[in-house]
1. Looking at the structure I just gave you, is Asp132 closer than 23 Å to Lys52 by Cβ and at pLDDT below 95?
2. Go over the candidates Ile20, Ile61, Ile67 one by one and state the one that is over 14 Å from the mean Cα position of the chain (by Cα), modelled with pLDDT of 90 or more and not hydroxyl-bearing (Ser, Thr, Tyr).
3. Scan segment 68-96 and report the pairs whose first residue is under 19 Å from Asp132 (Cβ atoms) and whose second residue is part of a helix (DSSP H, G or I) and aromatic (Phe, Trp, Tyr), with Cβ atoms within less than 6 Å and a gap of 6+ or a chain change.
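The values are calculated or read from the model by the stated rules, or taken from the named source; none is laboratory data. In this text, all values refer to a predicted model and were calculated from it rather than measured experimentally. Note that we place each Cβ from the backbone using ideal geometry, even for glycine, and neighbour counts take in every protein chain shown.
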Amino acid sequence: MKFLLVLLMLFSSAIPADPIARLVLVGQGEMNWMLWKLYDIRLYSADGGYAKNSVPVALSITYARDIKATRLVQSTVDEWQRLSIDYRPQWVQQLEQIWPSVKAGDTIDFVVDAEQGNQFYWNKKLIGEIDDTSFSEAFLSIWLSANSRQPGLRKLLTGDDNV
């Protein structure tokens, strides 16, 4: 019996944990560009409610199309510029190193946690982190700020009627 318990412990530690399994879904929606669906997106928090700067929080994006990593990074920078966010050049360099090109069905999770910081997961595998407390607000602002490009999507994610 002890042998089985040891095997079970070894096996369970070898399986990567879902980074958002302990969180509760706040809201979800999809991002479309013209006639094309780009991705499904979900927002998670500890209690299923959204409050700015509250952690833990996670954003999960499941892509509907193949997108090159360079395009993902450039779209992020474009949104930061549109929102007048004072982003740091090193963030862009780090994203270029962290993010893979995605294929339809791939998921990138962004998890913000007081103990572990800002982490990115690709298909539930940790791929990198950005150790800067102001990064999380800048990144989440793309979807969650009052000036989000898609106010309807923001409302679906946060449940906030004041869009």
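1. It is true that Asp132 is closer than 23 Å to Lys52 by Cβ and at pLDDT below 95.
2. Numbers: Ile20 fails: over 14 Å from the mean Cα position of the chain (by Cα); Ile61 fails: over 14 Å from the mean Cα position of the chain (by Cα).
On inspection, the qualifying residue turns out to be Ile67.
3. Tyr87/Trp80; Trp91/Phe135
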